[in-house]
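The values are calculated or read from the model by the stated rules, or taken from the named source; none is laboratory data. Computed from a predicted structure; not experimentally measured. Don't worry about glycine lacking a Cβ; one is built from the backbone with ideal geometry, like all the others, and counts go over all protein chains shown. Please note that ligands, DNA and RNA were not included when accessible areas were found on the heavy atoms of the full protein model with its side chains. Shrake-Rupley method; radii C 1.70, N 1.55, O 1.52, S 1.80 Å.
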Amino acid sequence: MLLLHCPLLLLLLLLPLGSRPQKFPTRDEELFQMQIRDKAFFHDSSVIPDGAEISSYLFRDTPKRYFFVVEEDNTPLAVTVTPCDAPLEWKLSVQELPEEASGEGSGDPEPLEQQKQQITSEEGTELFSYKGNDVEYFVSSSSPSGLYQLDLLSTEKDTHFKVYATTTPESDQPYPELPYDPRIDVTSLGRTTVTLAWKPSPTASLLKQPIQYCIVINKEHNFKSLCAVEAKLSSDDAFMMAPKPGLDFSPFDFAHFGFPVDNNSGKERGFLKSPKFGRPTPSKPRVDLHKVCIGNKNIFTVSDLKPDTQYYFDMFAVNTNTNMSTAYVGTFARTKEEAKQKTVELKDGKVTDVFIKRKGAKFLRFAPVSSHQKVTFSLHSCLDAVQVQVRRDGKLLLSQSVEGVRQFQLRGKAKAKYLIRLKGSKRGASMLKVLATTRPNKQSFPSLPEDTRIKAFDKLRTCSSVTVAWLGTQERNKFCIYKREVDDSYNEEQKKREQNQCLGPDTRKKSEKVLCKYFHSQNIQKAVTTETIRGLQPGKSYLLDVYVIGHGGHSVKYQSKLVKTRKFC
């Protein structure tokens, strides 16, 4: 096994490079075995335990050395080094043990200086070396006995890493095995969604070990280990409280350096709505990196993405018993573009009909061909209110909600181009009529009073007539009134569905027409007209509509009025 049992090897813990001596296991065998079983003990030790993954920390340009012993020749050996957030240089070497270290000697241990010289006087044999940020392995089916040294160095920045070593690699298998095709497939691509699929880990499908899959999404690059992901997620504060080189620190402080905590790392983390990763740090914004664990499913749809944006996707199989993970081959994909909005060109003085889907938007463009002092935009919203924005050469001039008929007059500018954005209602589709003109007298829409309701006089109701009134304006316009008999079950909800103000008198039956008349008043306070509709049936309900028709022939309908004649007179 890899653990140190003799006093000579325990004293090797006094020899780490570039730092003061670290703590080492007690000589008391019973207490030593207890410490071995406690994985946290090895956070602060130069001993690599057999069959347990350790996490540790490297300061830039400060090498670190770990030791372990293989007691018998022809022993299988596997060593795995996982860089977290920086490339590492690491080397594995072995040297023969002095005869006293084999466990066969007896008597008092040799003096400390003499034991040091015996171990370090000879240069070890290099077995393997690597430089980079990949998860790299050394595997041997038959390793010689000896003292093994693992030297690590980070030349880029302070960083942390993980090491795992075992003399029983065939039976341990702590890392989930990858399928024969470890790639992630993009099976569906949308503007805001990407669907991913992958083949299950044989560790789950064949060995029946508990495996969950964790997906990582970001816009920068793929990750080679889950350790690197956790380091990135906590990079805003992971090294704020790092210890000074050479000083001892408690293994229980490792959570403060961004190392994953065992009892939390297996939990699923939310991604779609309110991602929360690691310790809360309200003082700094989170990195644009998201992780979500989805159990043992092997297909998943990532949603709430931005259109026309490249994303990188990584998949990690996590053994929930050991909390150790293996990375699939990551992939990337660009979401589809938003459907390009077709811009409608407005002609000076001509009414344009516009239809907008529910929650949709339309863009209109007006480019006057001649110089102008003023430009007038008239909008008639046929159904619900719509949001209107007008920009001139990119500068926002107005942003308002428009219901019914509205008119905006803006100061002109030579060779200016106007862009109008119309945003539809959340309740349903929207219909509008839009007029843009540089000629102030060119007005196709009739002027309307602020109140477009029709008032019915209850006391003037008879069995065959009703009397109504409505407001006018100072502008002389033509008003036409229409009636339609409806069932007694006709209600306000049905009336609301028929409130398309853009439907003119030309859509009505001739038999429904009551009369047309011209009306205006210079005194706006007296701009009120009344009309009595006769020839009705007793006890019947009627829907009344008033249309005002402008000089350009465009009509606007007042709010419909439901009335009922008296049944007995």
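With a cut-off of at least 2 residues that are modelled with pLDDT of 85 or more and under 30 Å from Glu345 (Cα atoms), name the strands (runs of 3 or more DSSP E) lying wholly within segment 404-482. Lay out the reasoning, then the answer.
Values: elements: 418-423, 430-437, 466-471.
The strands (runs of 3 or more DSSP E) meeting that bar are 418-423, 430-437.
For segment 77-86, name all the residues that are modelled with pLDDT under 90 and either closer than 14 Å to Ala165 by Cα or surrounded by fewer than 20 Cβ atoms within 10 Å (Cβ to Cβ) (or both).
Ala86
Just to confirm my filter: which strands (runs of 3 or more DSSP E) fall fully inside segment 293-343 and include at least 3 residues that are open to solvent by 20 Å² or more (accessible area, probe 1.4 Å) and either among the hydroxyl-bearing types (Ser, Thr, Tyr) or within 21 Å of Thr193 (Cβ to Cβ) (or both)?
Details: elements: 299-302, 310-319, 324-327, 331-334.
Once the strands (runs of 3 or more DSSP E) in segment 293-343 are filtered for at least 3 residues that are open to solvent by 20 Å² or more (accessible area, probe 1.4 Å) and either among the hydroxyl-bearing types (Ser, Thr, Tyr) or within 21 Å of Thr193 (Cβ to Cβ) (or both), what remains is 299-302, 331-334.
Looking at (1) loosely packed, with under 14 Cβ neighbours inside 10 Å; (2) part of a strand (DSSP E or B), can you tell me which one Lys347 breaks?
That leaves (2) as the condition not met.
Residues in segment 148-155: is at least one surrounded by 16 or more Cβ atoms within 10 Å (Cβ to Cβ) and of a type in the set (Val, Ile, Thr)? Even if it seems obvious, please write down each step before you answer.
First pass over segment 148-155, keeping only residues surrounded by 16 or more Cβ atoms within 10 Å (Cβ to Cβ): 148-154.
Right, trim to of a type in the set (Val, Ile, Thr) and you get none.
No, segment 148-155 contains no residue that is surrounded by 16 or more Cβ atoms within 10 Å (Cβ to Cβ) and of a type in the set (Val, Ile, Thr).
Given the residues Gln118, Gln114, which is the only one that is over 22 Å from Phe138 (Cβ atoms), modelled with pLDDT under 50, open to solvent by 10 Å² or more (accessible area, probe 1.4 Å) and among the polar types (S, T, N, Q)? Give the steps one after another, and end with the answer.
Values: Gln118 fails: modelled with pLDDT under 50.
Just a single option satisfies the conditions, and that option is Gln114.
Within segment 154-174, how many residues turn out to be farther than 23 Å from Ser46 by Cβ and under 30 Å from the mean Cα position of the chain (by Cα)?
Within segment 154-174, residues that are farther than 23 Å from Ser46 by Cβ and under 30 Å from the mean Cα position of the chain (by Cα) number 0.
Please go through segment 170-210 and pick out each residue that is crowded, with 18+ Cβ neighbours inside 10 Å and either among the aromatic types (Phe, Trp, Tyr) or in a strand (DSSP E or B) (or both).
Once the filter is applied, which keeps residues that are crowded, with 18+ Cβ neighbours inside 10 Å and either among the aromatic types (Phe, Trp, Tyr) or in a strand (DSSP E or B) (or both), segment 170-210 yields Tyr175, Val194, Leu196, Trp198.
Filter segment 350-377 down to residues that are assigned to a loop (DSSP other than H, G, I, E, B) and of a type in the set (Ser, Thr, Tyr), then give me how many there are.
Pass one, segment 350-377, residues assigned to a loop (DSSP other than H, G, I, E, B): 350-351, 357-360, 367-373.
Filter once more, so that each one left must be of a type in the set (Ser, Thr, Tyr): 370-371.
Within segment 350-377, residues that are assigned to a loop (DSSP other than H, G, I, E, B) and of a type in the set (Ser, Thr, Tyr) number 2.
With (1) within 30 Å of Arg65 (Cβ to Cβ); (2) outside the structural domain of Val69 (by the TED database); (3) open to solvent by 20 Å² or more (accessible area, probe 1.4 Å) as the list, and Ala228 as the residue in question, which single condition is left unmet?
Looking at each condition in turn, Ala228 falls short on (3).
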